[in-house]
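Working notes for the structure below.
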Amino acid sequence: SGHPAPPGVNGYRAVVSNGAPHFRVFGPLGGTPCGKRVKTSVTASAHNCKLATNGGPFDMATGKCNGGIFISEGKIEGTGGYNIQFGVTADGRWVIGNLVNASVVAQLKVKWSMPGFQWLVRDGKNAMTSPDTYIAPRTTIGVTKEGKLLIMEVDGCEPHAGCKYTIGKTCFSMAELLLAHGAYHAINTDGGG
């Protein structure tokens, strides 16, 4: 077609043994619980995090956490419902799925949790029922069959963001990549744009 090929896609992967006791979820600094958008690195640095990733969505114009609740040190924060979550209980067990409401959160003793959009990998299988076509940056979080924390991010850019190329992964292809790296359960979170 005479157009140059898009550049290759880069990304990051972290696999953490014994990650549950150290897993934390914080809203962006500058407001309660969100209030002001800041880079993930700023929030991570303020909490002495060694590894950090973007998590749940929030309103880019107002800074409100309206893309789903998150749980920080046992306190439910944000708005937008109890969509799929990835977190850890007070006794160090991973919890992945729809938490439904505050009484389920209390019953499970969820201490830290972040929202996502959908399952990508469930029980060691691609949870996407069929290939999709929407390519975007992807940020994911999950666990291996052995219970190791698995965080994987793939850089990308979407045409509506003014990018010259559409690069990244579809949800289906991201699930396949996660499986290739040992995911047993994983969810799609906010890609970070």
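The values are calculated or read from the model by the stated rules, or taken from the named source; none is laboratory data. Being a predicted model, the structure only gives us computed values, none of them experimental. FYI the Cβ positions are ideal-geometry reconstructions off the backbone, even for glycines, and counts take in every protein chain you see. Areas reflect the complete protein model, heavy atoms only, side chains present, ligands, DNA and RNA absent. Shrake-Rupley method; radii C 1.70, N 1.55, O 1.52, S 1.80 Å.
Quick notes on this structure:
- Estimated dipole of the chain in Debye, rounded to 20 [Cβ of Lys and Arg +1, of Asp and Glu -1, Cα centre]: 340 debye
- Its residue count N sets the reference 2.2 N^0.38 Å, and the alpha-carbon radius of gyration of the stretch 97-161 equals 1.38 times that reference.
- Accessible area per residue (1.4 Å probe, heavy atoms of protein chains only) ranks THR43, THR133 as THR133, THR43, with the largest value leading.
- Applying a 4.7 Å cutoff between beta carbons, the unpaired cysteines of the chain are CYS49, CYS171.
- Above 25 Å, the calculated P(r) of the stretch 13-128 contains 21 percent of its Cα-Cα pairs.
- Stretch gain in nm, segment VAL15-ASN98, where the contour uses 0.36 nm per residue and the Cα spacing is subtracted: 27.5 nm
- For PRO131, neighbours were defined as the other residues whose beta-carbon sits under 12 Å from its Cβ, and their charges (Lys and Arg +1, Asp and Glu -1) total -1.
- Percent carbon-and-sulfur accessible area, the chain, ignoring ligands, DNA and RNA, probe 1.4 Å: 52 percent
- For the set ILE76, ILE69, solvent exposure ranked by accessible area (probe 1.4 Å, protein chains only) runs largest to smallest as ILE76, ILE69.
- Mean-square fluctuations from a GNM of the chain, with a 10 angstrom spring cutoff on Cα atoms, peak among ALA90, ALA61, ALA14 at ALA61.
- Straight-line cross-link partners of LYS111 among the aspartates and glutamates, defined as a Cα under 20 Å from its Cα and at least 8 positions apart when in the same chain: GLU73, GLU77, ASP91.
- Per residue accessible area in Å² of the stretch 137-193, where ligands, DNA and RNA are left out and the probe is 1.4 Å: 40 Å²
- Calculated on C-alpha atoms, the gyration radius of the stretch 54-121 divided by its Kirkwood radius gives an Rg/Rh of 0.96.
- Pairs from the list LYS36/LYS75; LYS39/LYS75; LYS75/LYS169 with a Cα-Cα gap above 29 Å: LYS75/LYS169.
- All aspartates and glutamates inside 17 Å of LYS164 as judged from Cα atoms, apart from same-chain residues fewer than 8 positions distant: ASP155
- Here PHE26 sits with roughly 70 square angstrom of accessible surface, probe radius 1.4 Å.
- MRE, 222 nm, helices only [DSSP H, n ≥ 4, -39500 (n - 2.57), over the chain, to nearest 500]: -3500 deg cm²/dmol
- Estimated translational D of the stretch 130-193 in µm²/s (Stokes, Kirkwood radius over Cα pairs; 4 °C; 1.567 mPa s): 108 µm²/s
- Sequence-separation-based contact order of the stretch 68-193, relative, with Cα cut under 8 Å and 6+ spacing, percent: 26 percent
- FRET efficiency for LYS145 and ASN66, using Cβ-Cβ distance with R0 set to 35 Å, rounded to 0.05: 0.55
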